[in-house]
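Just so it is clear, none of the values below were taken in a lab; they were calculated from the coordinates. All figures in this text were calculated on a predicted structure; none of them were measured in a lab. Because the Cβ atoms are built from the backbone with ideal geometry, glycine has one as well, and the counts that use them run over all protein chains shown.
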């Protein structure tokens, strides 16, 4: 334990660059102290006992200017720190563990071409600017636990060699995992990520690289791929509840892609057909999540096609004069409607040969009623 009387003494102590064991400073005045520290240190640090690495910790520190991190074999710990300047770790190789706990990053955090050979742990941190992990290599475990990203975060050509964990991570804007290299595993639990704004315009190759590397915006196709990756991860963990949320977001994003394709006449007819399929999927069970949509869809679509079949009976005619309405015909209509809802009903369930239009609407109705029943069952089985 070192007794310190004023700031000059602690500065003098630090300039010695010698630490045999952990040092605790007492007697410091209760006010902000400004100390300039050069890192890596010019003189050697002597580790405790026989360890080849030292533990360098910064607690309750405020960094007003840029913090540049270079190659290090040390264990680096930052706890309850505030960074008002940029963190620059481009090209650095960290052989020891590096931890950021309860830290606030008010400027950019740059880890371009950075390699973390050991644990990289971000716990309960706040990133206030767009963050791009560009060609960052996480060789061991990387943890983002209780972290809040207030702007977009992109893992552009980021290597996940072993494991990356998102636990309780809050993505206030967007997330891009589409270009990450997932050689290892991605563990996701209790994250918050909703629909977010993206860059929808068509991009050249150079513009695309600039967007995902420099600007920090997320192209719409990257957004869709990110939702697909998350959906597959949850499905792989048999977490079908959360997988359905990202399935919906994935298909909603794809629907917007189709709108854009139609607007610029790119694969216009294929895009229109796919939009019809998506519309049916949404309105028949809300992408597999709402069974009541399927029930309503079946009854409404069944009623529509049954009506067109019924009015094409040879002995039925339509009148708007109430005095000509028949109670018998009305009862017959609703009784046979229930028969019509069975896709395997007899062709002659109305008891007589009919014209072409009757059979046309009858068979088309079978298809859509069968589809509605199938979608209802799928929504019932959403949790499998």
Need the full-extension length gain, residue 332 to residue 57, defined as separation in residues times 0.36 nm minus the C-alpha distance. One decimal, nm. 90.6 nm
Points 7 angstrom from Cα along the Cβ direction at residue 203 and residue 150: gap in nanometres? 2.5
Checked segment 184-319 against the a/c 1.5 cut and the a/b vs b/c comparison, axes a ≥ b ≥ c from its Cα gyration tensor; verdict oblate
So how far apart, in nm, are the two label points at residue 374 and residue 213 if each is 7 Å from Cα heading toward Cβ? 4.6
Rounded to 0.05, the calculated FRET efficiency for the beta carbons of residue 112 and residue 289 at R₀ = 41 Å is 0.55
DSSP bridge orientation in segment 55-266 - percent antiparallel, rounded to nearest 5: 0
Suppose each label sits 7 Å from its Cα in the direction of the beta carbon; what would the residue 355-residue 232 distance come out to in nanometres? 5.4
Would you mind ranking 251, 230, 163, 338 by Cβ crowding within 10 Å, fewest neighbours first? 338, 163, 251, 230
Checked segment 55-266 with the C-alpha gyration tensor, a ≥ b ≥ c its square-rooted eigenvalues, rounded below a/c of 1.5, otherwise prolate if a/b is larger than b/c and oblate if not; verdict prolate
Quick check on segment 137-191: take the gyration tensor over C-alpha atoms, sort the square-rooted eigenvalues as a ≥ b ≥ c, and tell me if it's rounded (a/c under 1.5), prolate or oblate. oblate
What list do you get for 148, 156 if you sort them by fewest beta carbons within 10 Å? 148, 156
Can you tell me the FRET efficiency between residue 308 and residue 187 if r is taken as the Cβ-Cβ distance and R0 is 51 Å, rounded to the nearest 0.05? 0.45
If I stretch the segment between residue 73 and residue 363 completely, what's the gain in nm (0.36 nm per residue apart, minus their alpha carbon distance), one decimal? 97.1 nm
Fewest-first ordering of 162, 223 by Cβ atoms within 10 Å yields 162, 223
Using the alpha-carbon centroid of each, what span in Å lies between segment 151-230 and segment 105-124? 16
Calculate, for residue 276 and residue 196, the FRET efficiency according to 1/(1 + (r/R0)^6) with r their C-beta to C-beta distance and R0 41 Å; round to the nearest 0.05. 0.95
